[in-house]
Amino acid sequence: MKKNISLAVALFTSLIVSACVTVPQEKQVNKNQLAISSVRDIPISYSPGSLFSLAPKYVKETSLKPEQTQAAYELYANAIIADLKSHGFKNTDDASNSVFHVGFGIALASDLSDKTINDKFGITPGLPSNDELRKGSFLIYIEDVLTGKKVWRGAVQGFAHEDKSEIEREQRTAIIVSRVMKQFYATN
């Protein structure tokens, strides 16, 4: 008799459990998520003290206002200079004196698609788009002055933080630059 009751309870429990419906929750998007990739093109290294110059590249047509574009490029230029200086390199405004150029560009996905980035730049981090957030890309490369060839390329994708204060934007920009440049330093 105890065996039959135990069997009935087990059967009843398994029916209840199997009748429960699990509804998958939508994947939560992390607004702070970053996707980063880089590639070393040629094995040239630079010693501390080497001079570098900046070579910003702009998207021909952008959905941003000119002052927004300029502000974003200034943030990234300052972060790049600070990061390279903290690793012993020296900035120069005279590109003819530099040992390497640092080219960089910033664009929203609506202005520069992943396909275009991959076709023209050769690498894409592959951050999935989100209808609620504006995806953006930061592309950076090191070009050797003597050879004129790209030594290293890095790309970062994340979501725009338009609601942040200027100080918060500076901090986030410094984090983005630092994270991708770590990959350059690791192979330098």
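The values are calculated or read from the model by the stated rules, or taken from the named source; none is laboratory data. This one's a predicted model, so the numbers in the text were calculated from it and none came from an experiment. Note: ideal-geometry Cβ built from the backbone for every residue, glycine included; neighbour counts use all protein chains shown. Protein only, heavy atoms only, side chains kept; ligands, DNA and RNA dropped before computing areas. Shrake-Rupley method; radii C 1.70, N 1.55, O 1.52, S 1.80 Å.
Go through Ser18, Ser50, Ser63, Ser6 for me and flag whichever is polar (S, T, N, Q) and either at pLDDT 90 or above or open to solvent by less than 60 Å² (accessible area, probe 1.4 Å) (or both). Working first, answer last.
Working: Ser18 fails: either at pLDDT 90 or above or open to solvent by less than 60 Å² (accessible area, probe 1.4 Å) (or both); Ser63 fails: either at pLDDT 90 or above or open to solvent by less than 60 Å² (accessible area, probe 1.4 Å) (or both); Ser6 fails: either at pLDDT 90 or above or open to solvent by less than 60 Å² (accessible area, probe 1.4 Å) (or both).
Answer to the check: Ser50.
Which one is nearest to the chain's Cα centre (by Cα) among residues in the range 109-141 that are without any contact (Cβ under 8 Å) to a residue 60 or more places away in the chain and open to solvent by less than 20 Å² (accessible area, probe 1.4 Å)? The qualifying residue nearest to the chain's Cα centre (by Cα) is Ser137. Within the range 38-47, the set of residues being in contact with an Asp or Glu (Cβ under 9 Å, 6 or more places away or on another chain) and either modelled with pLDDT under 95 or surrounded by 15 or more Cβ atoms within 10 Å (Cβ to Cβ) (or both) comprises Ile44, Tyr46. Across the range 146-168, the number of residues qualifying as over 21 Å from Asp114 (Cβ atoms) and surrounded by 17 or more Cβ atoms within 10 Å (Cβ to Cβ) comes to 1.
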